[in-house]
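Inspection log for the structure reproduced underneath, given as structure tokens.
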2 protein chains.
Amino acid sequence: MSCPLCESPGGTLLWQDALCRVVLADEPDHPGFLRVILNAHVREMTDLPASGQLALMQVVFAAEAALREVLAPDKINLASLGNVVPHLHWHVIPRFADDPHFPNPVWGVKQRGTPHVAPLDLDALLRTALHSRGAGRGSKDA
Amino acid sequence: MSCPLCESPGGTLLWQDALCRVVLADEPDHPGFLRVILNAHVREMTDLPASGQLALMQVVFAAEAALREVLAPDKINLASLGNVVPHLHWHVIPRFADDPHFPNPVWGVKQRGTPHVAPLDLDALLRTALHSRGAGRGSKDA
């Protein structure tokens, strides 16, 4: 069966290595919305060996740290759902008290219309922040 | 400021150790909905040391494994949000194609009215499954 995360990057590529990639998602309501996408088509975290679980989470936490460094959000939201696309991917979402859904999850009822203002060079700032911390491990170019 | 997860277990206690606890949440639409709650009042995963991040995720993945063993769900959903209660807690949710929100996140638009049928002794089954795997580490009594 065709899988969109096997067939395309899934966003603007910011960082990658052999295990996974970090992309800036196209989510106009939530600038800075990152996804950490496993390169292999695997369904659940417990389908990975412990070493793979740990390595993937290190990248998720590096993405969280990069968002906190660049955007200083009020909260970080982390989620691995995959009900529609069962290929492991983590949503790493900077949340602001004035963002369109806060305090609801981004999948909940919208509260207001205007996204939180983000820097114009957000992708460059996030790419630098991810690379400077090696996305939690060894540094690789996107 | 008062925090509900500092002041109460947050559900039916299934397992605990010095770091965290696993509770069965009171979520009638989603029987088997677990929460892994850090005992300390900490806001973000990147506020924990790397060892604490790893130890907490090992319990999250043990909770996922216990749910898969007991309920064989169609998908597992994992999320750490905390917009309303900024005290680290992971939602570990068994999802079924016939559950009230599938394929939406549980925070999205409801699709149907009837929860997926679960065993009557679900808390006992989950407690046994968590303890048998030591919730990813050393086994402790709830």
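The values are calculated or read from the model by the stated rules, or taken from the named source; none is laboratory data. Remember, it's a predicted structure, so these values are computed and weren't measured experimentally. Note that each Cβ is placed from the backbone with ideal geometry, even for glycine, and that neighbours are counted across all protein chains shown. For accessibility, only protein heavy atoms count, side chains too; no ligands or nucleic acids. Shrake-Rupley method; radii C 1.70, N 1.55, O 1.52, S 1.80 Å.
Some notes on this structure:
- When the test is whether a residue is open to solvent by less than 10 Å² (accessible area, probe 1.4 Å) and either facing chain B (nearest Cβ under 10 Å) or not aliphatic (A, V, I, L, M) (or both), A:N104 does not pass it.
- Being over 30 Å from B:A63 (Cβ atoms) and charged (D, E, K, R) is true of A:D98.
- The lone exception for A:L5 - which of (1) hydrophobic (A, V, I, L, M, F, W, C); (2) closer than 18 Å to A:P115 by Cβ; (3) assigned to a helix (DSSP H, G or I) it fails: (2)
- The residues of the stretch B:35-54 that are aliphatic (A, V, I, L, M), part of a helix (DSSP H, G or I) and either open to solvent by less than 60 Å² (accessible area, probe 1.4 Å) or more than 7 Å from chain A (Cβ to nearest Cβ) (or both), listed by number, are B:M45, B:A50.
A quick yes/no check of all residues on (1) out of contact with any strand residue (DSSP E or B) (no Cβ under 7 Å at 6 or more places or on another chain); (2) not charged (D, E, K, R):
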| residue | (1), (2) |
| --- | --- |
| B:R21 | no, no |
| B:D29 | yes, no |
| B:R35 | no, no |
| B:L38 | no, yes |
| B:R43 | yes, no |
| B:D47 | yes, no |
| B:Q58 | yes, yes |
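- Yes/no for B:G82 being at pLDDT below 95 and not β-branched (V, I, T): no
- Residue match in the stretch A:20-34 (condition: touching a residue at least 12 places away in the same chain (Cβ under 8 Å), facing chain B (nearest Cβ under 9 Å) and open to solvent by 10 Å² or more (accessible area, probe 1.4 Å)): no
- Taken as a whole, the condition of being at pLDDT 95 or above, within 15 Å of the chain's Cα centre (by Cα) and open to solvent by less than 60 Å² (accessible area, probe 1.4 Å) does not apply to B:L125.
- For B:A124, the stated conditions do not hold, so it cannot be described as within 12 Å of chain A (Cβ to nearest Cβ) and either part of a helix (DSSP H, G or I) or among the polar types (S, T, N, Q) (or both).
- Selection of the stretch A:55-101 for residues being over 30 Å from A:S2 (Cβ atoms), at the interface with chain B (Cβ under 7 Å from one of its Cβ atoms) and either surrounded by fewer than 23 Cβ atoms within 10 Å (Cβ to Cβ) or free of Cβ contacts under 8 Å to residues at least 12 places away in the same chain (or both) yields A:A65, A:R68, A:K75.
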